[in-house]
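Comments concern the structure below.
The values are calculated or read from the model by the stated rules, or taken from the named source; none is laboratory data. None of these values were measured; they are calculated from a predicted model. Every residue, glycine among them, receives a Cβ derived from its backbone with ideal geometry; neighbour counts consider all protein chains shown. Just the protein is used for accessible areas: all its heavy atoms, side chains included, with ligands, DNA and RNA removed. Shrake-Rupley method; radii C 1.70, N 1.55, O 1.52, S 1.80 Å.
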Amino acid sequence: MTNNPAIPAAAGLLSLVGAGPGARDLLTLRAMQRLQQADTVFYDRLVDDEVLALAPPSARRVFVGKHVGAHSWPQDKINAVIVAEALKGRRVVRLKSGDPGIFGRVAEELAAAHAAGIEAEVVPGVTAACAAAAANGISLTERGVSDTLVLTTARCRSGDPLPDCTFHAKPGTTMVFYMAVRQAERLRDGLLGQGMPPTAPVTVAVDVSKPGARTLFCDLAALPQTLAQHGVMGVATIIVTYPKAQTQRLAAVP
């Protein structure tokens, strides 16, 4: 793997690039440079067209996205095609929404590249948790309220048991749930079972930084109903804070 930000446009390079939450101006400079140098771009369904447009007109663009319930591009197939393209001596960009290392299966793609002797690098991107918080003027950590940040998901690989995504809920913790809309009821019940108050504040950020972006606010107890009422079914980031102050109030009760 290379960490050289000024790496030349060498043959056979695989760049696993974070496209950020959607808006083109939230890309890093290195991500933009890799796109501009690309011979082939493999991209996910959440990557915005404006980001793809940064690649040269001559660059080959290949959609390898996954849709819920219709995984036409399983991970082993993606691994095979990106490696095969790099083995042809091309500069390959594997473009992922958010950050490649956060629920982006970057480890599997790096392993495939290394096994084939391909030079590979990871270009980090702005993850949805940070983008959602920034867009709504929210701090993911706050002195006296939350000093622990947990990024987790309510989904898992097909055939595996659903993850215990609420396990780390403790006073003073902000939890950000990825891919959790369809598990909202289980999410709420699990957090309540961990002792989180039903009035804990929840922020639901939908299509962060994209033209159709919107934000919903509710209490934890009302999370499933709020999502249903506003027709939230697709991509959303759910931020829940279990404030320290709750523990202090409970301790003060005689």
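Descriptive notes on the structure:
- Candidates in the range 120-152 are the residues that are assigned to a loop (DSSP other than H, G, I, E, B) and open to solvent by less than 60 Å² (accessible area, probe 1.4 Å); of these, the one that is nearest to A19 (Cα to Cα) is G125.
- Whichever residue in the range 157-206 is closer than 21 Å to Q225 by Cβ and in contact with a Gly (Cβ under 8 Å, 6 or more places away or on another chain) and, among such residues, is modelled with the lowest pLDDT: C165
- Taking residues in the range 99-122 that are on the phi > 0 side of the Ramachandran plot, and partners anywhere that are not in a helix (DSSP H, G or I), the pairs with Cβ atoms closer than 8 Å and at least 6 places apart or on different chains are F103/T153; F103/Y178; F103/M179.
- The residues in the range 41-57 that are open to solvent by less than 10 Å² (accessible area, probe 1.4 Å) and either in contact with a Gly (Cβ under 6 Å, 6 or more places away or on another chain) or assigned to a loop (DSSP other than H, G, I, E, B) (or both) can be counted, and the count is 1.
- Test result for V202, touching a residue at least 60 places away in the same chain (Cβ under 8 Å) and part of a strand (DSSP E or B): no
- Of all residue pairs spaced 6 or more apart or on separate chains, those with beta-carbon atoms under 7 Å, a first member in the range 30-45 that is touching a residue at least 40 places away in the same chain (Cβ under 8 Å) and a second member that is open to solvent by 10 Å² or more (accessible area, probe 1.4 Å) and polar (S, T, N, Q) are D44/S97.
- Once the range 123-141 is narrowed to residues that are in contact (Cβ under 8 Å) with a residue 24 or more places away in the chain and more than 15 Å from the chain's Cα centre (by Cα), the residue that is nearest to R91 (Cα to Cα) is A135.
- For E85, the test of being surrounded by 18 or more Cβ atoms within 10 Å (Cβ to Cβ), assigned to a helix (DSSP H, G or I) and at pLDDT 95 or above is passed.
- Cβ-Cβ contacts under 6 Å between residues 6 or more apart (or on different chains), taken from a first residue in the range 73-93 that is in contact (Cβ under 8 Å) with a residue 60 or more places away in the chain and within 16 Å of V106 (Cβ to Cβ) to a second residue that is open to solvent by 20 Å² or more (accessible area, probe 1.4 Å) and of a type in the set (G, A, S), are listed as V83/A112; V83/A116.
- Filter result (more than 18 Å from the chain's Cα centre (by Cα) and either surrounded by fewer than 19 Cβ atoms within 10 Å (Cβ to Cβ) or modelled with pLDDT under 95 (or both)) within the range 14-40: L29, R30, M32, Q36, Q37
- The residues of the range 193-236 that are open to solvent by 40 Å² or more (accessible area, probe 1.4 Å) and over 24 Å from S139 (Cβ atoms), listed by number, are G193, P211, G212, Q225, A228, Q229, H230, G231, M233, G234.
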